[in-house]
Amino acid sequence: MFSGITQGVARIVAIAEGDGSRRLTIAFPDGFCAGLQQGASVAIDGACLTVAAPPEGDLAQFDLILPTLVTSTLAGCQVGDRINAERALRDGAEIGGHALSGHVDYQATVEQLREYGDNLCLRLAVPAGALRYLFAKGYVAVNGVSLTIAGIDKPAGWIEVWLIPETRRATVLADKGPGSRLNLEIERQTQVLVDTMREALEEKLSALLPLLARPGKPAALPAG
C-alpha cells in the first residue's frame, strides 16, 4: 500500500528490453534505498513494482511485465526520464494523501495547463470508463500523486487537478506538457461502491425486463 505522497524524484539510467518485458535501472535520491531489499515494493509513477535484485547504493532494478506495459505509461519511458517514487507504507505510518494500491487503472492525457501565481492547474482528458468513478472533491492518483479533483466535465471527458508549490517541487507533474500521458489510479472505495450499486441495479432491471415485455398483460412486480 502507498499513500500518494511522493518521497523522491528518481531517474531512469538504463533499460534492458526482453520478450514482452523490460528491466529498468533507476537512480534514486540519496538515502531512498536505505534498508530497501530485493522483493520490496516501490511505486514508480504510480505503478507498484518489485525490486528485482539487491540494490547497489542508490541504484535499484525493476522488471516490467506485460500487464504493466499494457496499462501504464512505463512502456514508453526512456533513459533519462524523471519519475515519481514512493516506498511502500510501513505499519503505523501516516497516510498523508489517500490509500493507493499501485495498480494503474487508466491513462490520462494532459489537455491544458494554466498557471495562477505559484499554483498550476492541469486539465486531463480521461477515458470514458473512468468517469463513473470520478467526481468533484473526490480523490484520484496521478502518476502516484494523491490529488483532489477540482473540477470535472463528464460530457467533455475531462477533470482538473491543482498542483500547489510543494507538489510542483516534489514531483515530476509540473514537467508535463500538453499531450503527455499520465497514469491514473481511481480511489478503491469509490470503485467498490459504484460497481456494487451498478451490479445491484442491473440485477433488478434484468428481473423486470421479461415482465415489461409481455404484451397485453399488466406488469407484475416481483415479490420483495
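General remarks:
- Candidate set from the range 107-126 (those that are within 15 Å of the chain's Cα centre (by Cα) and closer than 14 Å to residue 160 by Cα); member that is surrounded by the fewest Cβ atoms within 10 Å (Cβ to Cβ): 125
- The residues in the range 1-53 that are polar (S, T, N, Q), under 18 Å from the mean Cα position of the chain (by Cα) and either part of a strand (DSSP E or B) or on the phi > 0 side of the Ramachandran plot (or both) can be counted, and the count is 2.
- Apart from one condition, residue 83 fits all of (1) outside the structural domain of residue 12 (by TED's automatic domain parsing); (2) among the β-branched types (Val, Ile, Thr); (3) within 23 Å of residue 35 (Cα to Cα); the exception is (1).
- Listed conditions (1) touching a Lys or Arg at 6+ places or on another chain (Cβ under 9 Å); (2) crowded, with 17+ Cβ neighbours inside 10 Å; (3) without any contact (Cβ under 8 Å) to a residue 60 or more places away in the chain are all met by residue 27, apart from (2).
- Taking the range 65-180 and the strands (runs of 3 or more DSSP E) fully enclosed by it, the elements with 1 or more residues that are in contact with a Phe, Trp or Tyr (Cβ under 6 Å, 6 or more places away or on another chain) and under 18 Å from residue 8 (Cβ atoms) are at 82-87.
- Residue in the range 91-99 that is in contact (Cβ under 8 Å) with a residue 60 or more places away in the chain and on the phi > 0 side of the Ramachandran plot present: no
The values are calculated or read from the model by the stated rules, or taken from the named source; none is laboratory data. Just so we're clear, the structure is a prediction, and the values are computed from it rather than from any experiment. Note: ideal-geometry Cβ built from the backbone for every residue, glycine included; neighbour counts use all protein chains shown.
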